[in-house]
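Have a look at the structure below, then the notes.
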Amino acid sequence: MSSSPQQTSMRRPLIALVAVAMVAVGATGCSSSAASSDTTTTQPKVGGSITVSAASSLTGAFNQLGTRFQSAHPGTKITFNFGSSSALVLQIQQGAPADVFASASTKNMTAAQSSGNIKGKPVVFARNTLEIVVKPGNPLGITSLAGLNKANVVALCAPSAPCGAAADTVLQQAGVTIPTSKVTLGADVKTTLAQVTSGNADAAIVYVTDAKAVGHAGEAVPIPKSQNVVTSYPIAPVTGTTNAALANAWIAYVIGPEGQKVLRAAGFLPPG
C-alpha cells in the first residue's frame with residue numbers, strides 16, 4: 001500500500017531521530033571501550049624501596065639500570081648488595097634483607113629455591129662467557145689458556161663462586177693444569193680481576209663483561225668457543241620480600257627492552 005505525501009513527511013523526522021540515537025549509542029560504546037582499554041593498560045604505580053642481591057659481575061649494568069629505574073619511578077629506591085652468588089644464597093638463607101636475587105648461575109638459584117627462599121619461577125635474563133685478562137701490553141705474551149703457565153701468579157675465582165666453577169671447566173676442557181703454587185683465589189670476579197689491575201697477578205680468568213670494563217688497566221685475551229663455557233643468569237623475587245610490587249617491577253625492567261639494551265652494551269649475551 002502506498003503512503004501519502006503527508007505520511008512520508010512525518011516519517012523523515014522520526015528516521016532522523018533514530019539515526020541520531022544510534023550514533024549517540026555508538027559514540028557512548030566507543031567511549032566506554034576506550035576507557036576500559038585505558039584502565040587495562042595503565043601500569044600500577046610503585047613506591048618504596050627494595051634490596052637486590054646480585055652477582056658481582058652485574059655491578060656496572062645494574063648500577064646504571066638502578067639509576068634509570070629510579071628516575072622513571074620517582075619515590076622508589078633500589079639498593080644493591082653485590083657479591084659472589086654462592087655467598088649471596090647463604091646470606092638470603094640466613095635471613096639477610098633481600099627482595100630480589102639475581103644469580104650468575106642456575107646452580108645457586110636452585111639452591112635458593114630448594115631452601116624455600118625464592119617466590120615464583122626464576123627467569124633467565126642474560127648469559128656470559130669467560131676471557132683471560134693480562135697486564136697492560138701483555139708482557140709475558142700469554143695468548144691462550146695453555147699460556148697461563150708462563151705467569152708467576154694467576155688469579156682465579158674461588159671454586160664455590162660461579163666464575164671459579166666456570167674457570168675450572170674451561171681449564172679442564174683445554175687440558176690445562178695450573179700449579180696451585182701459582183694460583184691466588186678471589187672471593188668473586190671483581191676481587192679476582194683486581195689482582196691483575198693492581199699488579200699482584202700476571203693474569204686472571206674472568207667474565208667477558210668484566211674484561212670489557214677493565215679499560216687501560218689490563219688487556220683481554222679471548223678463549224676459543226670450543227674451550228669456553230656459557231653461564232646463565234636467572235632472576236627472581238625472594239620469598240621474604242616486603243615490597244613484592246616493586247620487586248616484580250624491577251625484574252620486569254631488567255628483562256624488558258631497556259634492561260636488555262644496557263646488558264648487551266655491557267657485553268652480556270641475550271637470554272637465549
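The values are calculated or read from the model by the stated rules, or taken from the named source; none is laboratory data. Computed from a prediction, not measured in an experiment: that's the story for all the values here. So basically every Cβ, Gly included, is an ideal-geometry build from the backbone, and we count neighbours across all protein chains shown.
Only one of (1) modelled with pLDDT under 95; (2) in the same structural domain as Ile92 (by TED's automatic domain parsing) is not met by Lys261, so which one is it?
(1)
For the range 210-218, does any single residue satisfy the condition of being farther than 21 Å from Ala104 by Cβ and in contact with a Ser or Thr (Cβ under 6 Å, 6 or more places away or on another chain)?
Quick first cut of the range 210-218, residues farther than 21 Å from Ala104 by Cβ only: 215-217.
Imposing the further condition that a residue be in contact with a Ser or Thr (Cβ under 6 Å, 6 or more places away or on another chain) reduces the set to 217.
Scanning the range 210-218 turns up at least one residue that is farther than 21 Å from Ala104 by Cβ and in contact with a Ser or Thr (Cβ under 6 Å, 6 or more places away or on another chain).
Of the residues Val176, Val238, which is at pLDDT 95 or above and not assigned by TED's automatic domain parsing to the domain that holds Ser115?
Values: Val238 fails: not assigned by TED's automatic domain parsing to the domain that holds Ser115.
Just a single option satisfies the conditions, and that option is Val176.
Starting from the range 126-144, keep only residues that are at positive phi, then list their pairs with residues that are surrounded by 15 or more Cβ atoms within 10 Å (Cβ to Cβ) and assigned to a strand (DSSP E or B) whose Cβ atoms are within a distance under 7 Å, requiring at least 6 positions of separation or different chains.
If the second residue must be surrounded by 15 or more Cβ atoms within 10 Å (Cβ to Cβ) and assigned to a strand (DSSP E or B), the pairs left are Gly137/Glu219; Asn138/Glu219.
If I filter the range 241-251 for residues that are modelled with pLDDT of 95 or more, under 30 Å from Leu140 (Cα atoms) and either of a type in the set (A, V, I, L, M, F, W, C) or not in a helix (DSSP H, G or I) (or both), do I get at least one hit?
No, the range 241-251 has no match at all.
Need the failing condition index for Ala187 against (1) surrounded by fewer than 21 Cβ atoms within 10 Å (Cβ to Cβ); (2) touching a residue at least 40 places away in the same chain (Cβ under 8 Å); (3) under 19 Å from the mean Cα position of the chain (by Cα); (4) under 28 Å from Asp99 (Cα atoms), just the number.
Looking at each condition in turn, Ala187 falls short on (3).
Enumerate the helices (runs of 4 or more DSSP H) found wholly within the range 2-93, keeping only those where 2 or more residues are at pLDDT 95 or above and within 30 Å of Ala112 (Cα to Cα).
Values: elements: 5-41, 59-72, 85-93.
The qualifying helices (runs of 4 or more DSSP H) are 59-72, 85-93.
Just to be sure before I move on: is Gly116 on the phi > 0 side of the Ramachandran plot, surrounded by fewer than 21 Cβ atoms within 10 Å (Cβ to Cβ) and touching a Ser or Thr at 6+ places or on another chain (Cβ under 8 Å) in the structure I sent? Walk me through how you get there before you give the answer.
Numbers: on the phi > 0 side of the Ramachandran plot: yes; surrounded by fewer than 21 Cβ atoms within 10 Å (Cβ to Cβ): yes; touching a Ser or Thr at 6+ places or on another chain (Cβ under 8 Å): yes.
Yes: the conditions hold for Gly116.
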